[in-house]
Amino acid sequence: MLHKNLIAGEWLVGESEIENRSPSDVTDLIGVFAQASSDQLEATLDQAQQAQREWAAYGMERKQAVLMNIGNELMARSAELGALLSREEGKPLAEGKGEVYRAGQFFTYYAAECLRQIGENADSVRPNIEVDVRREPVGVVAVISPWNFPTATASWKIAPALCYGNAVVWKPANITPASAYALTEIIARQDIPKGLFSLVMGSGSGIGERLVQSPKVNAVTFTGSVPVGKRIATAAIQNLTKVQMEMGSKNALAVMDDADIDLAVTLALGGAFGGTGQKCTASSRLVVHEAIHDTFVEKLVAGTKAMKVGHALEEGTQMGPVVSAEQLAENLAYVDLGKSEGAELCCGGERLEMPHDGFYMSPGVFLNTLNDFRINREEMFAPLTSVIKVASYDEALSVVNDTNFGLTSGIVTKSLARATHFRRNARTGVVTINLPTAGTDYHVPFGGRGDSSYGSREQGKAAAEFYTTVKTAYISAGPV
Ligand code: NDP
C-alpha cells in the first residue's frame, strides 16, 4: 500500500516512492511511502501560514481537546503502534510500546499546558502606565526528527508546537516513515484547520534541506547528528529563522569505589545497550574507579554476553538489530578502530548470523581505553561501550567532563558528598545519580551543552521559550 504525504490538508502521492523494510528481517516489507516534491512543499507552507492564524484564534479549550484526543489515542493504541515502531526501527517490542505510550503523554501534558499560558504584568517605570507581557505563537515550525525515537522525539516537538498555537511541517527520518505516517493519520483526523499539520516525507538532503532554507518557516527544531545540525543552523540563519538543535553525545557513567556494584552493572547494561545503543543519552563511556574495576568488569561482561539479541518482535529479545546496513557497517568500522587504537575488545562487537536476514551485531565492551581514543570522543550510536579506569573521584569527574559533548552524565555512589559535588560540577544538561544516563521525564527540561545542543531547552514549560515569541505591551489608561 502506498502511504501518502499530507500536503495542504490533502493526502497526496509524491514525485517518487521508497520501500520501508524491517531491520529485523529485510524480507518484511512494511510499506511504500511517497516522497514529497518541491512544489508540494511550497503549497503546504503557504497553506500552513493561513492555517496557523486560524488555529491561533481557536479557543484554548478547543486546542486542549485536540491535543488530549491525540494523546489518548496514542496511549490507547500503544500496543499496535508500538509493534509497528519496533518492526521498522528494530527496538524490542516493550521499548516500542513504551515509546508510543510516552508520546501520548507528551500530548496530554501539553493539552493541559494549553490552559496554563499565563503572562506577567508590571507597573512601568513611568507613571500611570502598566506593562503586560505575554507569549504569542512563533508561526510555522519545521520539525526534523530522527529514526531512533521516531514517535517520541517527533511528539515532544509537535505537541508543544501545536499547544502554543503554531502550524507544523514535519519531515521525519526517511528510514522510519511508517511511525510518522501513523501519527500523522491520527493528527489529521482532529478538529484542526486545513493544512495546520503537514507530513513531507522525503530525503534529508532533498526536501529536508529545502524546508530549512525556506523563508516561510519561522522556526526549525531538529534532532540528529552534529554535522547535519550545523548545516541546518547555517541555512536557517540566512533567514534569521529561530533554531533549536539536539544532537549527539558521548555520555559517561562514573562508577565509584563505594557504589552498589550490581546496581552499577544494571545501569551500565541498560544505558549502553538499550535501543541497541542508538540513543543520544547512551552510556558510551563507563568511568570506573580502580578499586572496584575488576569486579565491575567481570559482572558487566557476564551481563553483556548474556544479552539475548534477536528479532524486535520476538518474545525474550533484549536487544534488537541495528537500524540499517549503513549503521551496521559504521559500527563494525568503530570496532576495528577501537582495536587499532589499543583498546581490548573483551566481548561482542561482531556481526551475528541469525535465522532472519537483518542487521544484527553482538553488544561489545572495550577495556583498557583512554579518554582520548576516538572511540571515546566520537558518537558511535552503536551497542558498544568503553571502560576507562580512574584512580579517584576527582579524576572521574575530569574524565566525564573531558568531551566536546554535554548531554547527560551519571554517577553511581553511596556518598552524598560525591553525588552532590558531581551534580553541581558535571558539565552536562542532564545529570543522574544512581540512575541510568538514558531515560528522562516529559514535564521538565531536556537538552545539553557543547556540541550536544544549540538553542533553548525542549520539553516541560521550557519548550515555551522556543515555540513562542514574547510581546511586551505598554498601556496608558488615561485619567478617569
Ligand atoms: P541525520 O542527522 O542525518 O538525520 C536526522 C534527520 O535530519 C533526518 O530526518 C534526516 O533525514 C534529516 N536530514 C539529513 N540531512 C538533512 C539536511 N541537509 N537538511 C535537513 N534535514 C536533513 O542522522 P542519521 O539518521 O543519518 O544518523 C547518523 C548519525 O547521527 C547517527 O549515527 C548518530 O550518531 C546521529 N544521530 C543522533 C541522534 C540523536 O538522538 N541525537 C538521532 C539520530 C542520529 P533523512 O532521514 O531523510 O536523512
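The values are calculated or read from the model by the stated rules, or taken from the named source; none is laboratory data. The shown structure was predicted, so the numbers you read here are calculated from the model rather than taken from an experiment. Glycine also receives a Cβ, built like all others from the backbone with ideal geometry; neighbour counts cover every protein chain displayed. We work out accessible area using only protein heavy atoms, side chains counted, and drop any ligands, DNA or RNA first. Shrake-Rupley method; radii C 1.70, N 1.55, O 1.52, S 1.80 Å.
Things worth noting here:
- Here the contact order of the chain, divided by its residue count and restricted to Cα pairs under 8 Å and six or more residues apart, works out to 18 percent.
- Percent antiparallel among DSSP beta bridges (both partners in the chain, rounded to 5): 40 percent
- Percent carbon-and-sulfur accessible area, the chain, ignoring ligands, DNA and RNA, probe 1.4 Å: 51 percent
- The convex hull of the Cα atoms of the range 70-160, projected and averaged over all directions, covers 7.7 nm².
- Projecting the alpha carbon convex hull of the range 252-305 along each direction and taking the average yields 3.3 nm².
- In the chain, the longest principal axis of the Cα atoms and the axis of helix 93-113 are about 30 degrees apart.
- For the range 345-359, the Karplus equation 6.51 cos²θ - 1.76 cosθ + 1.60, evaluated at θ = phi - 60°, returns couplings of 7, 8, 6, x, x, 10, 5, 10, 8, 10, x, 9, 8, x, 9 Hz by residue, with Gly and Pro reported as x.
- The chain, dipole about Cα centre (Lys/Arg Cβ +1, Asp/Glu Cβ -1), debye to the nearest 20: 1180 debye
- Reachable lysines from Lys242, criterion Cα separation under 22 angstrom, eight or more residues apart if same chain: Lys157, Lys171, Lys216, Lys230, Lys461, Lys471
- The per residue volume of the convex hull around the alpha-carbon atoms of the range 87-219 is 141 Å³.
- Eigen-decomposition of the gyration tensor built on the alpha-carbon atoms of the range 266-394 gives equivalent ellipsoid semi-axes of 24, 16, 12 angstrom, largest listed first.
- Full-stretch length increase - Lys230, Glu378 - with 0.36 nm per residue and alpha-carbon distance subtracted: 51.7 nm
- With the charge dipole of the chain set up from +1 on Lys and Arg Cβ and -1 on Asp and Glu Cβ about the Cα centre, the Cα lying farthest toward the positive end among the listed residues Ala111, Gly410, Tyr393 is that of Ala111.
- Theoretical ellipticity at 222 nm over the chain - DSSP helices of four or more residues, -39500 (n - 2.57) apiece, nearest 500: -11500 deg cm²/dmol
- Per-residue packing, averaged as other Cβ atoms within 10 Å, sorts the ranges 119-126, 17-24 into the order 17-24, 119-126, beginning with the highest.
- The smallest convex shape that holds all Cα atoms of the range 214-275, its convex hull, gives 109 Å³ per residue.
- The range 1-136: radius of gyration over Cα atoms, expressed as a fraction of 2.2 N^0.38 Å: 1.49
- Calculated over the range 330-403: convex hull of Cα atoms, volume per residue (Å³): 88 Å³
- Distance cut-off 15 Å, percentage of C-alpha pairs in the range 142-233 lying past it: 56 percent
- What the Cβ-Cβ distance of Arg189 and Ala325 gives, at R0 = 41 Å and to the nearest 0.05, is a FRET efficiency of 0.70.
- Residues whose amide H lies under 5 Å from that of Ser198, counting only those 5 or more places away or on a different chain, are Val168, Val169, Trp170; hydrogens are built 1.01 Å from N in the peptide plane.
- Residues in the range 12-25 carry Karplus couplings, in order, of 10, 5, x, 7, 7, 9, 10, 8, 10, 10, 6, x, 6, 6 Hz; the curve used is 6.51 cos²θ - 1.76 cosθ + 1.60 with θ = phi - 60°, and Gly or Pro positions show x.
- Cα long-axis angle, helix 226-237 against the chain (0 to 90 degrees, to the nearest 10): 20 degrees
- For the range 361-429 and the range 54-99, distance of Cα centres in Å: 34 Å
- Karplus-derived 3J(HN,Hα) values for the range 247-252, using 6.51 cos²θ - 1.76 cosθ + 1.60 with θ = phi - 60°, are 10, x, 6, 9, 6, 10 Hz; glycine and proline are entered as x.
- Share of Cα-Cα pairs in the chain lying beyond 31 Å, as whole percent: 45 percent
- The convex hull of the Cα atoms of the range 196-349, projected and averaged over all directions, covers 12.7 nm².
- For the range 343-480: accessible area per residue (Å², 1.4 Å): 47 Å²
- Taking only the Cα atoms of the range 1-64, the ratio Rg/Rh comes out at 1.18, with Rh defined as the Kirkwood radius.
- If you take the Cα centroid of the range 118-195 and the Cα centroid of the range 300-335, the two points sit 35 Å apart.
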